[in-house]
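Below is one structure, written out as structure tokens; the observations come after it.
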């Protein structure tokens, strides 16, 4: 499988899985072949095959929605690695074949060889939503997509999610690539500019759901 991104310091495989256009990611240290797997969507056969070519050190879950966990039992049965998820979302694993080994907090780090992923708590889409960043790269789950935030169930959740994005993600560098939980990649410079357009407009007090920076 050709990598989605590769340089001397990191290899990233982006693997589409299941009927919901989910993205799972395999982040590999080129020096050691140690890796970190991010999310476990439905139909993970290709993800498992790619992961087995590496030494998987961690399985990270960005949040607890079903589509990101539909392949969890299959993945964790095939790959013996510790599982981490944001603490407020860990309840979703109680009925699964494996429980969380670590409840992630903001500022935690996860390593594989020379790769260090920093956990950023970004509540709003779910209470325990967590993004992961390493220089030049952001794995945003369903917190941030090209064109807008993830879906929210209430105005309060949207306000919280926008706070997470502006305070934890938009403070990262302009040259950071966004790898979202669904669909296409983006970059922070572009998304920050789109958000500024959104923030300059008036919005109804009950705004939530599917919000796009340039259309809402």
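Read the figures in this text as sums done on the coordinates, not as results from a lab. In this text the structure is predicted, and so the values were computed from the model without any measurement. All Cβ positions, glycine included, derive from the backbone under ideal geometry; neighbour counts span all protein chains shown.
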Inset, instruction - Note the full-extension length gain between residue 208 and residue 80 as 0.36 nm times their separation in residues minus their Cα-Cα distance, in nm to one decimal. - result: 42.2 nm
Legend entry - Pairwise centroid distance, computed over Cα atoms, of segment 57-105 with segment 183-215, Å: 30 Å
Inset, instruction - Sort 202-208, 98-104 for me by packing, meaning the mean count of neighbouring Cβ atoms within 10 Å per residue, highest on top. - result: 98-104, 202-208
Inset, instruction - Could you point to the label whose value was computed as volume of the Cα convex hull per residue in Å³ for the structure here, given (1) 238; (2) 161; (3) 108? - result: (3)
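Which percent, to the nearest 5, of DSSP beta bridges fully inside segment 5-199 are antiparallel? Numbers along the way, then the final one.
Values: 29 of 44 bridges.
Within segment 5-199, antiparallel bridges account for around 65 percent of the total.
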Legend entry - Angle in degrees between helix 155-164 and the longest Cα principal axis of the chain, rounded to the nearest 10: 60 degrees
Legend entry - Cα-projected label distance for residue 216 with residue 73, points at 7 Å along beta-carbon direction, nm: 3.4 nm
Inset, instruction - Can you tell me the 0 to 90 degree angle between the C-alpha axis of helix 188-199 and the longest principal axis of the chain, rounded to 10? - result: 30 degrees
Legend entry - For 177, 63, order by how many other beta-carbon atoms lie within 10 Å, fewest first: 177, 63
Legend entry - segment 12-99: antiparallel DSSP beta bridges as a percent of all, rounded to 5: 55 percent
